[in-house]
Amino acid sequence: MTLAIIGGTGLTRIDDLHITGQQTLDTPFGSPSADYVFGELNGKKLIFLARHGTPHRIPPHQINYRANIWGLKQLGATEIIAVAAVGGISKTMAPGHVAIPDQIIDYSYGREHTFFAEDLQHVTHIDFTEPYTPSLRQRILQAARDAGIEIAARGTYGCTQGPRLETVAEIKRMARDGCDLVGMTGMPEAALARELDLPYANLSVVANWAAGIVAGEITMAEIEKNLEVGMDKAIALLQATTLLTKPSSV
Ligand code: HPA
């Protein structure tokens, strides 16, 4: 297994990662967000990619999701854990908490969202009944239990277009739809990983209450403060997950 981690807002690097290399890559779909960083965590090989670039500069709707996922496949990644900052909609998704969602609703638009668009011999419809790979989710949940890290073990992630945050009415609608979390980067990333047969799970870190869940505006200061707490938990969980990950054969 070679685990890849895609880091989102608040996770542009993993301090404990023992870095062994770095690679700039070009793909048939253009340039990935940043160089891929190779390293070892708990003795397990790992590839890290900063989704928003280094420094953090690419907004959610301009991320080249196809290049990012294609590059990971090309470099030999065999599974992906995608870390993402989100807003909490359900009462259980308080700021600073970590969740491993099990479902997605996609509200994004105008993004290059499939590899199956050009030079087609036939039309392909991937199965997306379970958008996050159940076995990988289970491994993360087991790691959380082993390490005594409190997490929300399921949830529906709603992906909005961004870069603006949502209105109160939009969040009310998302709550009625069944969304527990709202973020801007979960799609098309998850579907692209499935198209390339790459097991994929999402590790969401709640940065703020979504619009209107509590009174007042959402500030960047609040988001940054909560992400600091939440990302520490996320990194501990990633560490614990590597303990349950089979070593790479190459
Ligand atoms: N909405 C969408 N994406 C987000 C939020 C939010 O409230 N917080 C962090 N990412």
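The values are calculated or read from the model by the stated rules, or taken from the named source; none is laboratory data. As the structure is a computational prediction, the values presented were derived from the model and not from experiment. Cβ placement follows ideal geometry from the backbone for every residue including glycine, while neighbour counts extend to all protein chains displayed. Heads up: the accessible areas ignore ligands, DNA and RNA and are worked out on the full protein's heavy atoms, side chains in. Shrake-Rupley method; radii C 1.70, N 1.55, O 1.52, S 1.80 Å.
Odds and ends about this structure:
- Residue match in the range 222-239 (condition: buried (at least 16 other Cβ atoms within 10 Å of the Cβ), within 14 Å of the ligand (Cβ to nearest atom) and assigned to a loop (DSSP other than H, G, I, E, B)): no
- The range 106-126, residues that are in contact (Cβ under 8 Å) with a residue 60 or more places away in the chain and either part of a loop (DSSP other than H, G, I, E, B) or surrounded by fewer than 18 Cβ atoms within 10 Å (Cβ to Cβ) (or both): Y107, S108, R111, E112, H113, T114, F115, F116, T124, I126
- Matching residues, the range 128-166, being part of a helix (DSSP H, G or I), surrounded by 16 or more Cβ atoms within 10 Å (Cβ to Cβ) and of a type in the set (D, E, K, R): R137, R139
- When the range 64-81 is filtered for residues that are hydrophobic (A, V, I, L, M, F, W, C) and surrounded by 24 or more Cβ atoms within 10 Å (Cβ to Cβ), the ones remaining, listed by number, are I69, L72, A77, I80, I81.
- Test for N202: is it in contact with a Pro (Cβ under 6 Å, 6 or more places away or on another chain) and more than 9 Å from the ligand (Cβ to nearest atom): yes
- First in the range 149-174 and under 15 Å from H61 (Cα atoms) and more than 9 Å from the ligand (Cβ to nearest atom), second anywhere and open to solvent by 40 Å² or more (accessible area, probe 1.4 Å) and part of a loop (DSSP other than H, G, I, E, B), Cβ under 7 Å, 6 or more apart: Q161/Y107; Q161/Y109
- Of the residues making up the range 167-196, those that are among the β-branched types (V, I, T) and either surrounded by 24 or more Cβ atoms within 10 Å (Cβ to Cβ) or closer than 23 Å to A67 by Cα (or both) number 2.
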